[in-house]
Amino acid sequence: MTYLSKKIALACILLLGLTHSWAQAPAFPYSIQKEALADSAMVVTAHPLATQVGLETLRKGGNAVDAAVAVQFALAVVYPQAGNIGGGGFLVYRSKEGQTAVLDYREKAPAAATEKMYLDSTGNVLTNKSRFGMLAAGVPGTVDGMWEAHKKFGRLPWGDLVTPAIELAEKGFQITEREAESLNGERFNFIRQNTFTPAFVKMEMWQAGDWLIQKELAQTLARIAGFGREGFYGSGTAKLIVEEMGKNGGLITYQDLQNYRSVWRTPLEFDHKDLHIITMPPPSSGGILLQQMLGMTSNFPLKEYGMHSTAAVHLMAEVERRAYADRAMHIGDPDFWKVPMKRLTDPAYLKSRMADFQADKATPSKKVAAGDIKESEETTHYSIVDAAGNAVAVTTTLNDSYGSRTVVAGAGFILNNEMDDFSAKPGAPNLYGAIGGAANAIAPEKRPLSSMTPVIATKGGKIWLVLGSPGGTTIPNTVFQVLVNLTEFGRSLPEAVQAKRFHHQWQPDKIQIEEGALSETVIEQLTGMGHTVEPRGPMGRVEAIVRLPNGRWQGVADGRGDDSAAGY
Ligand code: GLY
C-alpha cells in the first residue's frame, strides 16, 4: 500500500467510525458546569461537549496542545457560530518549564484583494460585501494552525485528535435552547447566503433538544484527519472551496489555499506588579492594549477606589479611551506595517499619555487622537492546563456570528467574514460608528487587525492564570477588567468573571455598560463628569483557569453562554 492509499484508507476508517476510541456518543442533556475544581488538569470552553472532548484527550495522555487541537475541531462542530475550520485564531502556549510560544493562524486577504474592494464607484463603503457571502472571507488559517501546533508540541496521533469532532458531526448532538435561538435568528441569512440548504436550516424552527447532524462537515474532518493540512488546503476540500468562490465572485484561489501558512511569532511578554503576562503581539492589538491599560492604571490607587465605583470606572474608561485611540492609528499586520510596539508600551510614554487625565472630568475623544476600531463580537476562547502543568490559551474566530453565513457546499463548514476586520476606507464610519486608518488598510495576503487577547499569566515562575474572551473590540477591555477585578479588587475568579463589564473604545465616545453594571448614582456622577453612559447587551464570554493558593486548579466558564468547565 502506498503512503497516499494508506492515508485514504485511514480517512475512510475514521469516517466509518470503525476506530472509535473516544467515549460514548454524546448524550443530551449534557451538563453545563460553570465552575470546576481539580488537582491535575482543567479545560474551559464555550460548549460542554468541546470541554468533554478536551478533557478526554488529556485523560488519554494528551498534553495541553493535543487537547487544544481536539477542542478546536470539536468547537467547529458543536459551536458553529464561532468554533471553526473556516476561520482563524491565536494560540498562546507556556510549558511547565517556562518555554513560551505564540501561533498566529489569523486569516489572510486573498492575493486578488484590493484596498478599495468594498467601495462602490462613488467611493461609498458597501458594508454587506465585507460581512456576508464569499467576498467577505479571508483565507482560513485554522487547520494550518492546528497542524503547526501539533507538529511542534503534540504528543497523540493527529487523527485521534480529529476523531471526536468527526463523531459529533456524523452522529450529531442535541442543541441547547440558546443554540436553537441563535440558529433561528440566522435562518434568513443562511438561506440568502447559500445556493443550497445547509445543515443549519430546518424546515421548522429549531428547538432545544433537536439533533444537529453535519454529514458533509464529517467528511471534511475525515479528510483533515487522514491528510492533515492537505486535507483542507489541497484534496477535495480545496476544490470545494474554490468551486464555492466561483459561484458568487469570491476571491480565494487554490494558490491562496496552498500558500497559507500560520506564523510562530515572538510572544508579547511583560511584567505587571507580581505578574508576568504572556500574550499576543500584532496582528492582534489585544496584547499591546492590555499592557497599555495595565501600565496606565498602575500609578493610581484603583484598589482604594473599589470595583464599579465612579472613580474606578472613570479612570478605567479614560485609560481604555487612550489605548483604543493608539490602536486605531498604529497597529496593523506587522508583516505590512511597522507597529511602534516599544514606544506604545514604554512606561514613560504611558505616563505621558495620562498627563491630560482629569480625576473629575471626561476627556472628549476628539481631543485624544485619531483612528479606527471595528470588528464584530462573535469569537470564542478556550483555556487548558494539563497534568504536567503546560498551559494553552486560544482565541479563535469566524469574526461575526456564523461568519459570512456561507457554507462551502459539499464541505459543510462556514467561511469567515474576517475581511470586515480591515478598514474598508480610511475615515469612513463602519457598522459600529468607528472610522478606519491606513495601518489596517486591505492589501493582498495581509492579515486584518484583531483584538483577540489570549493570556497566560505566571506568578513566582508558575502558571497562575489562563484567560481570554470573545467580543471583537471589547475583548481587551474584558480581559483587562477580569485581571483588575482579581488583582486590584480582590475578587475570586468566579466573581471576577461573572461581574458586569463596561466598555470604552475611544470612538464612539461613550461608556457602554452591561445592564446592572453600575448603580444609578455612579451613572449620574459619570454623566456629570461629561461621560455618555449607554446600556448594551452582554459583553464577552470569558473562559478562565486560576491556580488557587492550595495548588488546585479552578476553572470558570462565563455565565453569559453555554460555556462549561471540567477538570480532573
Ligand atoms: N474578529 C474578531 C477579532 O479578531 O478581534
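Assuming a ≥ b ≥ c are the square roots of the Cα gyration tensor eigenvalues, decide whether the stretch 110-268 counts as rounded (a/c under 1.5), prolate (otherwise, with a/b larger than b/c) or oblate. Oblate, since a/c reaches 1.5 and b/c is not below a/b.
Sorted largest first, the spans of the alpha carbon positions of the stretch 412-568 along the three principal axes are 53, 47, 35 Å.
In whole Å, how far is the Cα centre of the stretch 520-568 from that of the stretch 178-219? What the calculation gives is 30 Å, centre to centre.
Between Ser492 and Ala348, the simple spin-label model (points 7 angstrom out along Cα→Cβ) gives 4.5 nm.
What base-10 log of the normalised intensity I(q)/I(0) is obtained for the chain from the Debye formula, alpha carbons as equal point scatterers, at q = 0.08, 0.09, 0.12 Å⁻¹? Values, matching the q order: -0.48, -0.61, -1.12. Take the Cβ atoms of Trp211 and Ser121, set R0 to 35 Å, and the FRET efficiency comes out at 0.15.
For the chain, the share of DSSP beta bridges that are antiparallel, to the nearest 5, is 90%. Placing +1 on each Lys and Arg Cβ and -1 on each Asp and Glu Cβ, with no other charges, gives the chain a dipole about its Cα centre of roughly 1020 debye. If I fit a long axis through the Cα atoms of helix 286-297 and take the longest principal axis of the Cα atoms of the chain, what angle between them do I get, 0 to 90°, rounded to 10? Tilt of helix 286-297: around 20 degrees. Return one number: the angle in degrees, 0 to 90 and rounded to the nearest 10, between the long axis of the Cα atoms of helix 215-227 and the longest principal axis of the Cα atoms of the chain. The angle comes out near 90 degrees. Each part gets one Cα centre, and for the stretch 289-310 versus the stretch 384-407 those centres are 28 Å apart.
For the stretch 401-503, a/c is not less than 1.5, where a ≥ b ≥ c are the root eigenvalues of the C-alpha gyration tensor, and a/b tops b/c. That puts it in the prolate class.
In this label model, Asn550 and Ala409 are separated by 5.9 nm, measuring between points 7 Å along each Cα→Cβ vector.
Determine the shape class of the stretch 210-348: with a ≥ b ≥ c the square roots of the Cα gyration tensor eigenvalues, call it rounded for a/c under 1.5, and otherwise prolate if a/b is greater than b/c, oblate otherwise.
prolate
Among the listed pairs Lys273/Lys361; Lys367/Lys510; Lys151/Lys338; Lys338/Lys446; Lys202/Lys239, a Cα-Cα separation exceeding 18 Å is found for Lys273/Lys361; Lys151/Lys338; Lys202/Lys239. Once C-alpha pairs closer than 8 Å and six or more residues apart are averaged by separation and normalised to the residue number of the chain, the relative contact order reads 24 percent.
Centroid-to-centroid, using Cα positions, the stretch 126-158 and the stretch 224-239 are 13 Å apart. Against the chain, whose longest principal axis is taken from its Cα atoms, helix 142-153 shows a tilt of about 90°. Beyond 13 Å, the tail of the calculated P(r) for the stretch 501-568 holds 72 percent of the Cα pairs.
Readers should treat all values here as calculations from the given coordinates under stated rules, not as data from a laboratory. Keep in mind the model is a prediction, meaning the values are calculated, not measured. Note that we place each Cβ from the backbone using ideal geometry, even for glycine, and neighbour counts take in every protein chain shown.
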